[in-house]
Each structure stands twice: as C-alpha cells, then as structure tokens.
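Here's the structure we're looking at; comments come further down.
Read the figures in this text as sums done on the coordinates, not as results from a lab. Not measured: the values here are computed from a predicted model. Here Cβ is always computed from backbone atoms with ideal geometry, including for glycine, and neighbour counts include all displayed protein chains.
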C-alpha cells in the first residue's frame, strides 16, 4: 500500500517563544509525507525551484519509504517560502510573508502509475488543482482534502465543491465555521457532511480533534505536552498519520477511522516538539505506538463499581 501526498515542499522562516529557524525545510507535503512514512510507503508529489538546498533534498532522500520521483525541480524557479511569528503562548500567529514561487505555475503530470494510488492527501492548495488531482485517480479508496483560511475567503464555493469529492475533509475549527456559517464544532462538522463531504475531521489544536464519519461522532483530546516548540505543520502531520494508518487498514470502518484519528493526533504531538518537520525526520514508529498506548490509558473511562 502507498499514500500519495500532494502539496508544497517549501523553505520556512519561523519564530516562536522557543526560538527561531530560518531557511528550514517546511511545507504541507513535507510534514504529511514524513508522518505517513511512519506507517506505510509514500509518494511525494510537489515542485521546488533549482534554489532548493541540496542538504534539504538529501534529508528527504535519506528517509526510507518515500518515493521522490514526483518531486520536480523547475529550472530557474524559486522554491516557495513562508515566514511566520507565533505569540501569546503559541495561540496566535502572524504570517510575515508568503512567496508562492514555483507553486504559482501549473503542476507537472503525475509520474506514470501514480494515478492508481488508493490513498491520497491533497494538502492545502488551489481547490481547482486539488479537484483535478482527485479526478485523475483511477482507484481512490481513502482521499483527504485540506485547506487554509486564504482559500476559504477567496474561493469558498470551490473549496466546498472539491471537498464533496473526497472521502475525508480536514479543517481547523475556524475554517469549519467559515465554510459552514455554523459556530459550534459539532454543527459545523455536520454541515460539512450535509454539503457533500463523506467524513469530516475538525482539528482543535491543543484541544484535540473531532471526527464525524457516517453516523459516528468521535472526539479525542490532544496529547498533554509539557512544551511546544513549533506548531507549524501539526495539521499536516495529523493528516499524514491518519492516512498512513488507514492505508494499512483492511477497510474504512468506523473502528478503523477512530484508530486512524488517534494515530494522527499522536503523530501530530511529536511534530510540535521541534521546528518545522525536524522531529518527524527522527521519529520512529515504535515511539508513536508507545504514545498511543499511553494515550488510550489517559482517555479511558473506568466502568462504575
């Protein structure tokens, strides 16, 4: 089995109360691919410029299980860049700049055979490009679409149209409210289902996540971290862990989806322990499973005597 991850591979400049990192490996596809690779094989579909540092490509090449045949270098192109500063105890973020770079142009075609990928993550991007990717697949089983606030503001209807074609949608609570006009998380999630999504995951940051799948409603708390270094990419790490777990599941039952939500949440808890995807680069599957075991103990409700 294999997860196809499509999105940005970028260079980030991030400042948090814990420190600062500049020109560091980042991007939605990077974080999601590294997270998914802890569970299954991954195909990474993204573009970079010829200014993309060799050291960063080497870090990706050193990761087992990630196929970089879909990581295209655009001659003369400039790699996408993003800068942000976190404040108020990581609860607020100021975007300093976004340089779309090579991601402003058309995507290259999928490498031969990749259209048969069954598990696919379309990370935040132009909804028309996400929709084109989904429609190019020949055997989709578990597909997920994510978005960001900018696309919700500029192209709300296009975002909803694309989400209606995916098996799962992944949004944070603010995006869910903006897309649906509903204020409560449960109501917003149900409204996404009513608009065509087959299952909706609403991410709540340090408070966990909820998943509405058919008639099932499942809520998980976040792992209780003593210190957060950088929350950038946590949502993409959640998506990668979630889809990596589902890719190994024999079906998409409610139980499999619940297990995948826990895997996604726990994987994301590791991502915030370092700047960008640095912690994901060293993460081992055994660490995830051990934290999952401890997570289940935290969330368990004992039966009454």
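Could you pull out every one of the helices (runs of 4 or more DSSP H) wholly within segment 117-218 that has 3 or more residues that are touching a strand residue (DSSP E or B) at 6+ places or on another chain (Cβ under 9 Å) and under 25 Å from residue 34 (Cβ atoms)? Working first, answer last.
Values: elements: 127-136, 149-154, 156-163, 173-180, 185-194.
Those helices (runs of 4 or more DSSP H) span 127-136.
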**Members of segment 254-298 that are crowded, with 23+ Cβ neighbours inside 10 Å, touching a helix residue (DSSP H, G or I) at 6+ places or on another chain (Cβ under 7 Å) and either in a loop (DSSP other than H, G, I, E, B) or without any contact (Cβ under 8 Å) to a residue 12 or more places away in the chain (or both)** = 272, 277
**Complete:** Looking across segment 84-115 at residues that are exposed (fewer than 11 other Cβ atoms within 10 Å of the Cβ) and touching a strand residue (DSSP E or B) at 6+ places or on another chain (Cβ under 8 Å), the single one that is farthest from residue 71 (Cα to Cα) is 92
**Prompt:** Can you name the condition, by its number, that residue 144 falls short on among (1) within 19 Å of residue 27 (Cα to Cα); (2) surrounded by fewer than 19 Cβ atoms within 10 Å (Cβ to Cβ)?
**Reply:** (2)
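Among the residues of segment 62-83, count how many are outside any strand (DSSP E or B) and surrounded by 11 or more Cβ atoms within 10 Å (Cβ to Cβ). Steps first, answer last, please.
Going through segment 62-83, the residues outside any strand (DSSP E or B) turn out to be 62-65, 68-70, 75-80.
Narrowing the set further to residues that are surrounded by 11 or more Cβ atoms within 10 Å (Cβ to Cβ) leaves 63, 65, 68-70, 77-80.
Residues meeting the conditions: 9.
Which one of these is without any contact (Cβ under 8 Å) to a residue 24 or more places away in the chain, assigned to a strand (DSSP E or B) and farther than 24 Å from residue 133 by Cβ: 55, 20?
Numbers: 55 fails: assigned to a strand (DSSP E or B).
Just one listed residue meets the conditions, 20.
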